[in-house]
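S.K.: I'd like to ask some things about the structure below.
The values are calculated or read from the model by the stated rules, or taken from the named source; none is laboratory data. All values reported here derive from a predicted model rather than from experimental measurement. With ideal geometry, Cβ positions are generated from the backbone for all residues, glycine too; neighbour counts draw on all protein chains shown.
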6 protein chains.
Amino acid sequence: MTKILYAVPGIGLDKQELSRRMNILNSFATPPNIVVVEAVEQGPESIECFYDEYISIPNTLRLIAKAEREGYDAAIIGCFGDPGIEAAREIASIPIIGPGETSLLFAATLGHKFSILTVLKNVFPTLEKIADGLGVSKKIASMKEVGLRVLELSSDIERTKKRLLEIGREAVEEDDADALILGCMSEAFLRLDKELEKELRVPVVNPVAVSVKMAEALVAMQLTHSKKAYSLPHPVEL
Amino acid sequence: MTKILYAVPGIGLDKQELSRRMNILNSFATPPNIVVVEAVEQGPESIECFYDEYISIPNTLRLIAKAEREGYDAAIIGCFGDPGIEAAREIASIPIIGPGETSLLFAATLGHKFSILTVLKNVFPTLEKIADGLGVSKKIASMKEVGLRVLELSSDIERTKKRLLEIGREAVEEDDADALILGCMSEAFLRLDKELEKELRVPVVNPVAVSVKMAEALVAMQLTHSKKAYSLPHPVEL
Amino acid sequence: MTKILYAVPGIGLDKQELSRRMNILNSFATPPNIVVVEAVEQGPESIECFYDEYISIPNTLRLIAKAEREGYDAAIIGCFGDPGIEAAREIASIPIIGPGETSLLFAATLGHKFSILTVLKNVFPTLEKIADGLGVSKKIASMKEVGLRVLELSSDIERTKKRLLEIGREAVEEDDADALILGCMSEAFLRLDKELEKELRVPVVNPVAVSVKMAEALVAMQLTHSKKAYSLPHPVEL
Amino acid sequence: MTKILYAVPGIGLDKQELSRRMNILNSFATPPNIVVVEAVEQGPESIECFYDEYISIPNTLRLIAKAEREGYDAAIIGCFGDPGIEAAREIASIPIIGPGETSLLFAATLGHKFSILTVLKNVFPTLEKIADGLGVSKKIASMKEVGLRVLELSSDIERTKKRLLEIGREAVEEDDADALILGCMSEAFLRLDKELEKELRVPVVNPVAVSVKMAEALVAMQLTHSKKAYSLPHPVEL
Amino acid sequence: MTKILYAVPGIGLDKQELSRRMNILNSFATPPNIVVVEAVEQGPESIECFYDEYISIPNTLRLIAKAEREGYDAAIIGCFGDPGIEAAREIASIPIIGPGETSLLFAATLGHKFSILTVLKNVFPTLEKIADGLGVSKKIASMKEVGLRVLELSSDIERTKKRLLEIGREAVEEDDADALILGCMSEAFLRLDKELEKELRVPVVNPVAVSVKMAEALVAMQLTHSKKAYSLPHPVEL
Amino acid sequence: MTKILYAVPGIGLDKQELSRRMNILNSFATPPNIVVVEAVEQGPESIECFYDEYISIPNTLRLIAKAEREGYDAAIIGCFGDPGIEAAREIASIPIIGPGETSLLFAATLGHKFSILTVLKNVFPTLEKIADGLGVSKKIASMKEVGLRVLELSSDIERTKKRLLEIGREAVEEDDADALILGCMSEAFLRLDKELEKELRVPVVNPVAVSVKMAEALVAMQLTHSKKAYSLPHPVEL
C-alpha cells in the first residue's frame, strides 16, 4: 500500500471542501493506495501570485517533513505552481510531486503543442518558469486565463465551465493547441476535464489525476528525485 | 484489467528471451493488468541505426493495428528509439507508449540534468531527435555508448555491467548528470538499474518500467494521444 | 556528366506525369547532366502524414541502393518531407539530397524569415523536424496549408494557384515572411513559383530546382554526406 | 538624496560585520546617496540551497515593505540568488534590485562569455534560473564553486583568495570566459575583485557595486519595475 | 569628474540640434560629470538601414579613438543600433556604451517582456542581432515601427507622439509587453518617455538616459569591456 | 554565361596571388561561367578582427555596386566573415554570396555537427553571429584556431597543413564533429581540403568552392535575396 500526502499550501478551503477533494484524489488512486489531504494552518487564502507562493512555502515544507517522518511514501504539493518543490526535495527523500511539472510532462507526450488554462495572468510567469526548468517551453501553444480568482471558480460552476470552454476553444482553434492542461488545482477539482475533452475533441490533462499516477508510479518503481541534484549542505529542523 | 501490447520491432530474440522479457514487463504491471509481448515476423535483427529503425516500422505498425482490433488498451513500441511512434498514433486510438520519450520525461523530473547510457553512438541522433521533439534537450548532460552491439549485451553480462558502471560514473562525475537513463531496451531487460543506482547514488530510469507505468496511467485516466495532432487524412488497411 | 536519380516514394503518379516531371527536372540541370525519375512499385499513393512517410521508406531505400550500384552520382528523395533520408545516407555513399532540407537552407540565405506553403497541416510536424534538425526553426515565419490533398493539386490548377497566392500573401503581409518555399513536390512541379514571385514580390524557393542544383554542386565538388555521421554498424542486403 | 535599503535575508552576520558591509556599500554610492543595511530577525544563517532561500523570503519581504513605508527610494535583496524578488516587486513600488540579475546584465555587456564564481554547487540551479529568466544563459561560459560554505569564506581570506584565483583562472583559460562575476555577496564583500582583475586580466563584476549603481540609476531616471508584470490580485498586510 | 563622449555617427543634425541634445544628455548626468556631443564630419544623414550603419562606422571609430587620446573616460555610440561597437571596443580601452544594448539590459530587469518602438522596419534585423548577442531575444514581446523616417520625427512632434502612443498601446495590449523601449535616439531626444509611461502605465526605457547612467556606473566602478573579448591582433592608426 | 565578381575586401594580396586565386575560383565554375577577382584599393591588409571587417566594408560596397552596373550576375564577398553582406544586399539586386553563410549551410546538410577551422580566436564571435543569424549554431561542434595570422598561412604551407590536421583531428575526435569547414579564404585557397578529407575521413567544406556553386545555382534559378528583407529607405550614390 502506497500512502501519499496531498499538502494544501493555503487556508481558504473548509473541511468539507478538503474532504471532497480527498475523495476525488482517492478516486484516481489504485487500491489499496491512499491519498491523505492535509492543509497548512497558516498561509495565503489561495495562490494567485508570486507573493502567495513564497508565503506558503515554509509551512508546506513542515507538512512534508512531518509526512516523511510519519511514513508517507510520497507527497504532492497541492498547487499547480509547484511552490517550493526544490526545497521539498532537499529536505525529503520520498518522491515530491509537482502537479504543474507533472502535467506539462504528460501533455508533452500527448500531442505537438498544448495550452494551459489557468486562473489569472499573474501566474503565467510561474508556469513559464516550470516549463523553462523542464525545457518544454517550445511545446506551449499558449497560456489562457479564466479571469476569475481561485476561490470564485466554484461559486458558479456553470460560469467557470463556460469560460473554460471559451478559452479552450480559442487555444485549439486559434493557437493550434492539440492538448490542454487545467492549470489550477481548484479548476481541476471541478472535474470538468472529461466534458471539455468531449466538447473540444483534444485530450485534457487533469493535474490531480496525473499527480496521483506519478506518485504511485515512482513509489512502485522505487524511484525518487536525485539527492545529487537536491542536497542540503547543512542539517535543518522542521 | 488493462491489457498492454509490447511490440518487438526486430527478429533477433528467441522465444525464451521473449518470454523472459514478458515476465519482467509483467513484474512492473499492477495486477490484474497484463503485458503481452509480440514480435514482428520480418524485420532487422536489432535496431542500431536509422536503417534498422525505418525497416522495422511497417511491420510494427501492423502488430499495433491488430492489437487495437483485438481489444488491447495500450501498446508499447519495444525499442528505445520509438521508431514510427507518430504513425502508430495516427493509425491507432489507444495510447501508444514510446520508451525513449517516456524515459526522458521521467528523468526530466528527477533532477537537473540526466545522461543516457545507450549501446552505440549511431543512435545518438535518434535520441537527440526525441529530446528535441519534447523540448528536453537542455536537460541532457551527455549521451554515452556502451560500445557493444545490441545482441552482445547479454552474452557477457558482467562485461556489460562493468561498462555501464564505467560510463555511468563518467556521466555523473565529469558531465554533472544527476540522473541516468538506460537508453536501450536490451540493456534495460538485464535489470541492472538498481545495482547501478546503489553504486552511483543517482536515480536510474529503466525504460521498461516507466513504459508499463505510463501505459497503465494513461489507460486509468482514459487519456490518449491527441487525434488532432495525429490524424490520418485517408483510410489505411493494415 | 552527372547522373542523378529522382526517387519517387509513392505510386500515385502515372507514366505521363512521371515523364512530365522528368522533363522539368532536366530543365533545371546543366547539360550534359541528367536526372532520371524512378518510382517505387509499392507504397502509398502520396505522402500526407507520418504513416505515408514511414510506409514509403523501405522501397525507396531499395531504389537508391540500386541506383548507387548502377553508377548514379547522386539521388534526390522525391518528397518534401525527406522520408528516410538518414537511412539512405547510411546505405549509400553518393550524395542523398532531401528537397525539404535543401529548400530550407536556400531560403535561410535569401532573407530574414520564410514561410512554407504546403498541402495539409498534417505535415507541419515533419517540416518542423527538418527545421529543428538543421537548426533553422527560428527562420520560419509560418507554415501554411493549401488545404488540398496532394493528388488534388493538379486537378484544378487555377484553384491551387489562387490558394497559393492567398496563403502566400498572408505569409508575407501578416507573418512577416520575406521569402517563401513551395513545401510539396506536387506543388513545385506545377511551376507556379515565378508567377508567385512576380505577384508577391518575394523570392519563392522551388524544391525541384534547388534539389537538382544541390546534387550537381555536391558532385562537382566531390563532396558527400559524412560517413562518420551516417554509418552502418552491420552489412545490409537491399 | 537617494536612500537605499540593503536587506540581509539571513541571521549569520554579527553587528560588526553588518556595519563593515554598510561602509563598503556606501563606498560605492555617489554622495549624498546612502545605503542602510538591515537584517531579518529570523531566518537561515546563510543561503546555500533552495531551502535556505525559501525560508528567508517572508521576513525579507516584511523588511522591504517597511522600508517602502518609511520612504526608502529603492531596496537591494542582500543575496546573490535574488530570493523572492518577484514577490518583493509585487508588494512594493520602489525599484527592487537583485544582485544576481544585475550582475548578469552588467557582465553580459562586458564581453562575449562570463563565468560565475560562487560558493557551492548547490546554488548553480538558482543561478541558471536567474539567467534563464533574463535570457542570458547563452552568455555563461561556466559556473564554478569555491567549495567553501558561506560563513567560512571570511575565516581564512587568503585561502578564499587563492581558491578564487584558481577557479577564475580555470574559467578564463579552459572555459573561455572573458569576464567573471563574484557569485555570492559574502565573497563580494571581501573586495577581492580588483586583485582578481589585475591577476586574471579580465573584468570582474562585483555584485555589491553593480547593485548600488543600478539602484541609483533607476531612482535617478524615475524608473521602476513594471506593475503590469508584478501586480498583486489582492491586498496584503506585511 | 567623469567626461563622456557622445559620438553622433551621422551628419543630419545641425548645430542647434546637437546643442539641444547635449543639454538633454547632461540633464541625465550626475554633476560634476559631463557629456560632450561630437558628430562625424562625413557619413549618412541618419541611420535607417544596414547600409547607413556600415558607412557610418569608420568615421565614428576615429571620433572615439581621438576621445580616448584626449582623456575622455567613456564613449556612447549615438545610434540605437550600436553600429561598430565591437570595433570601438577593440581600438579603445575606455568603456564604450551602446544605447541599444544598454536599453535591452535595463528593460530585461523591469518586467517579463518588453517591446521596442523604433522608426522603420528596416532596423528590426539590427535590433534582433543586438538581442541575440546578449541572449535576451526571448524577452522581446514585439518590435513596432513608427513608420516615419528619422529626420521626420521632430518635424511634427504631435504626430510622432500620437504614433508612439498608438504602437505602444498595441504592444502593451496585444503583444503583452509590460515595458517599452524607445528604439531610436531621435525618438528618445523628444523626451516623450514620461508622458508615454503615464498614459500606458508601463515603464518606458529612454536610451539616452540609460546610456549616460551606464557610462557613469562603469567609470565609477573602474570597469570596462574585456580586452580578452575585444583584442586587436595588430596595431592600427586612427 | 554567368559572370561573377569575387570582391577582395583587403589590400594584402599582390597581383600574382590575386591571379592565382582567380584561377582557382574558375576551376570551380562550370564553363562558360566565369569569376573575376577585384580587390579594393584601400582597406585593411587582411581581416582578423571586427575593426578590420568594418573598415573594409565601404570600399567593398563600392566594388559591388560597380559590378552590378557593369552587368555582373552575382557577387561573392571575398572574406569568410561576410563583412557588410546585409548592406551589399540592400544596394544590389544581384545575388550576394557570403562564403561564411554558404559554408555553414552546406556543412549543415553533410552531417550532424561540424567544426570551423579558422585563423585566430578573434573571429570566433563573427562566426557565431553568422551561425546565429542562420539559426545553425546548434550544429557547431567547435571552433578551432590555426593560431597564425592570415598572411602567414601561405608563408609556410607545410606548417599550416600540419596545424590544420592537428586541429581538424581534435575537432573530429574530441568534439564529435563529423564535417569540417575551412573558416578563412586564405586557408581555402591553399586547396588543402581534399588532403584533409582523406586524412580525417570526414567531408571538408571549401568556402571558395561552395560560394561559386551557390552563385551559379542562384543565377541559374533566377533567385536572388529578398528586397523585402533588404530594402533601402533612401537612394545612395556609390
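S.K.: Only residues that are more than 17 Å from C:Ala88 (Cβ to Cβ) and among the aliphatic types (A, V, I, L, M): list them for segment C:34-60, please.
M.R.: The answer is C:Ile34, and nothing else.
S.K.: Okay, moving on. Since A:Ala171 meets every condition but one in (1) surrounded by 22 or more Cβ atoms within 10 Å (Cβ to Cβ); (2) more than 30 Å from B:Glu90 (Cα to Cα), which condition does it not meet?
M.R.: (2)
S.K.: Regarding segment B:216-230, can at least one residue be identified that is touching a helix residue (DSSP H, G or I) at 6+ places or on another chain (Cβ under 9 Å), part of a helix (DSSP H, G or I), within 9 Å of another protein chain (Cβ to nearest Cβ) and not hydrophobic (A, V, I, L, M, F, W, C)?
M.R.: As a first pass, look at segment B:216-230 and keep what is touching a helix residue (DSSP H, G or I) at 6+ places or on another chain (Cβ under 9 Å): B:216-218, B:220-230.
Filter once more, keeping what is part of a helix (DSSP H, G or I): B:216-218, B:220.
So of that shortlist, the ones also within 9 Å of another protein chain (Cβ to nearest Cβ) come out as B:216-218, B:220.
Next cut, not hydrophobic (A, V, I, L, M, F, W, C) only: B:216.
Yes, segment B:216-230 has at least one match.
S.K.: Does E:Met214 count as within 30 Å of D:Lys194 (Cβ to Cβ), of a type outside the set (Phe, Trp, Tyr) and surrounded by fewer than 24 Cβ atoms within 10 Å (Cβ to Cβ)? Please lay out each step first, then the result.
M.R.: Values: within 30 Å of D:Lys194 (Cβ to Cβ): yes; of a type outside the set (Phe, Trp, Tyr): yes; surrounded by fewer than 24 Cβ atoms within 10 Å (Cβ to Cβ): no.
No; evaluated as a whole, the condition is false for this residue.
S.K.: A follow-up question, please. Among the candidates E:Val150, E:Val136, single out the residue that is closer than 23 Å to E:Phe50 by Cβ, in contact with a Ser or Thr (Cβ under 7 Å, 6 or more places away or on another chain) and of a type in the set (Val, Ile, Thr).
M.R.: E:Val150
S.K.: Sticking with this structure for a sec: Taking C:Ser186 as the residue in question, decide whether it is closer than 20 Å to C:Thr60 by Cβ and either without any contact (Cβ under 8 Å) to a residue 60 or more places away in the chain or not assigned by TED's automatic domain parsing to the domain that holds C:Asn26 (or both). So that I can check it myself, show each step before the final result.
M.R.: Numbers: closer than 20 Å to C:Thr60 by Cβ: yes; either without any contact (Cβ under 8 Å) to a residue 60 or more places away in the chain or not assigned by TED's automatic domain parsing to the domain that holds C:Asn26 (or both): yes.
Against the criterion (closer than 20 Å to C:Thr60 by Cβ and either without any contact (Cβ under 8 Å) to a residue 60 or more places away in the chain or not assigned by TED's automatic domain parsing to the domain that holds C:Asn26 (or both)), C:Ser186 qualifies.
S.K.: Quick check: is even one residue across segment F:114-134 part of a loop (DSSP other than H, G, I, E, B) and either modelled with pLDDT of 95 or more or more than 30 Å from F:Asp73 (Cβ to Cβ) (or both)?
M.R.: Step one: list which residues in segment F:114-134 are part of a loop (DSSP other than H, G, I, E, B), which gives F:119-120.
Now drop any that are not either modelled with pLDDT of 95 or more or more than 30 Å from F:Asp73 (Cβ to Cβ) (or both), which leaves F:119-120.
Looking for residues that are part of a loop (DSSP other than H, G, I, E, B) and either modelled with pLDDT of 95 or more or more than 30 Å from F:Asp73 (Cβ to Cβ) (or both), one finds at least one in segment F:114-134, hence yes.
S.K.: Pairs only if they're at least six apart or on different chains, beta carbon under 9 angstrom, first in segment C:191-202 and under 13 Å from C:Ala171 (Cβ atoms), second hydrophobic (A, V, I, L, M, F, W, C) and surrounded by fewer than 20 Cβ atoms within 10 Å (Cβ to Cβ); list them, first residue then second.
M.R.: The qualifying pairs are C:Leu196/C:Leu165; C:Glu199/C:Leu165; C:Leu200/C:Leu165.
S.K.: Go through (1) buried (at least 19 other Cβ atoms within 10 Å of the Cβ); (2) closer than 30 Å to E:Ser46 by Cα; (3) among the small types (Gly, Ala, Ser) for F:Ser231 and report which single condition fails.
M.R.: Checking F:Ser231 against (1) buried (at least 19 other Cβ atoms within 10 Å of the Cβ); (2) closer than 30 Å to E:Ser46 by Cα; (3) among the small types (Gly, Ala, Ser), the one that fails is (1).
S.K.: Then there is this: Here's a check for you: in segment F:130-156, which residue that is of a type in the set (D, E, K, R) and within 14 Å of chain C (Cβ to nearest Cβ) is farthest from D:Ala177 (Cα to Cα)?
M.R.: Of segment F:130-156, the ones of a type in the set (D, E, K, R) are F:132, F:138-139, F:144-145, F:149, F:152, F:156.
Filter again for within 14 Å of chain C (Cβ to nearest Cβ), leaving F:132, F:138-139.
Numbers: F:Asp132: 19, F:Lys138: 19, F:Lys139: 21 Å.
Only one residue tops the list, namely F:Lys139.
S.K.: Related question: With touching a helix residue (DSSP H, G or I) at 6+ places or on another chain (Cβ under 6 Å), within 12 Å of chain A (Cβ to nearest Cβ), touching a residue at least 40 places away in the same chain (Cβ under 8 Å) and assigned to a loop (DSSP other than H, G, I, E, B) as the only criterion, which of B:Ala209, B:Ala177 stands out? Please lay out each step first, then the result.
M.R.: On the way: B:Ala209 fails: assigned to a loop (DSSP other than H, G, I, E, B).
One residue alone meets the criteria, B:Ala177.
S.K.: Next question. Does F:Lys138 qualify as being within 22 Å of F:Ser211 (Cα to Cα) and of a type in the set (D, E, K, R)? Working first, answer last.
M.R.: Working: within 22 Å of F:Ser211 (Cα to Cα): no; of a type in the set (D, E, K, R): yes.
Spelling it out, it is not the case that F:Lys138 is within 22 Å of F:Ser211 (Cα to Cα) and of a type in the set (D, E, K, R).
S.K.: Count, please, the residues in segment C:135-163 that happen to be in contact with a helix residue (DSSP H, G or I) (Cβ under 6 Å, 6 or more places away or on another chain) and assigned to a helix (DSSP H, G or I).
M.R.: Qualifying residue count for the region: 4.
S.K.: Moving to a separate point now. Under 7 Å by Cβ, and 6 or more places apart or on different chains, what pairs join a residue from segment E:215-237 that is without any contact (Cβ under 8 Å) to a residue 60 or more places away in the chain with one that is in a helix (DSSP H, G or I)?
M.R.: Going by the 7 Å Cβ cut-off, the qualifying pairs are E:Ala217/D:Lys213; E:Ala217/D:Ala217; E:Met221/D:Ala209; E:Met221/D:Lys213; E:Ser226/D:Leu110; E:Pro233/F:Asn122.
S.K.: Next question. Does at least one position in segment F:32-42 carry a residue that is within 14 Å of chain E (Cβ to nearest Cβ) and of a type in the set (A, V, I, L, M, F, W, C)?
M.R.: Taking segment F:32-42 as the starting set, the residues that turn out to be within 14 Å of chain E (Cβ to nearest Cβ) are F:40, F:42.
Applying the additional criterion that residues be of a type in the set (A, V, I, L, M, F, W, C) yields F:40.
So far as segment F:32-42 goes, yes, one or more of its residues are within 14 Å of chain E (Cβ to nearest Cβ) and of a type in the set (A, V, I, L, M, F, W, C).
S.K.: OK, next. Which condition breaks for A:Arg89 when tested against (1) within 11 Å of another protein chain (Cβ to nearest Cβ); (2) within 11 Å of the chain's Cα centre (by Cα)?
M.R.: Against the list (1) within 11 Å of another protein chain (Cβ to nearest Cβ); (2) within 11 Å of the chain's Cα centre (by Cα), A:Arg89 comes up short only on (2).
S.K.: Output the residues belonging to segment E:138-160 that are over 23 Å from F:Ser231 (Cα atoms), surrounded by fewer than 19 Cβ atoms within 10 Å (Cβ to Cβ) and not β-branched (Val, Ile, Thr).
M.R.: Residues satisfying the conditions are E:Lys138, E:Ser154, E:Ser155, E:Asp156, E:Glu158, E:Arg159.
S.K.: Moving on. I'd like the residue in segment E:93-118 that is more than 9 Å from chain D (Cβ to nearest Cβ) and surrounded by fewer than 24 Cβ atoms within 10 Å (Cβ to Cβ) and, out of all such residues, is farthest from the chain's Cα centre (by Cα).
M.R.: Among residues in segment E:93-118 that are more than 9 Å from chain D (Cβ to nearest Cβ) and surrounded by fewer than 24 Cβ atoms within 10 Å (Cβ to Cβ), the one farthest from the chain's Cα centre (by Cα) is E:Ser93.
S.K.: Kindly provide the set of residues from segment D:105-133 that are over 23 Å from D:Tyr51 (Cβ atoms) and out of contact with any His (no Cβ under 8 Å at 6 or more places or on another chain), ordered by number. Step through it out loud before you land on a result.
M.R.: First, the residues of segment D:105-133 that are over 23 Å from D:Tyr51 (Cβ atoms): D:105-115.
D:Leu105, D:Phe106, D:Ala107, D:Ala108, D:His112, D:Lys113, D:Phe114, D:Ser115, listed by residue number.
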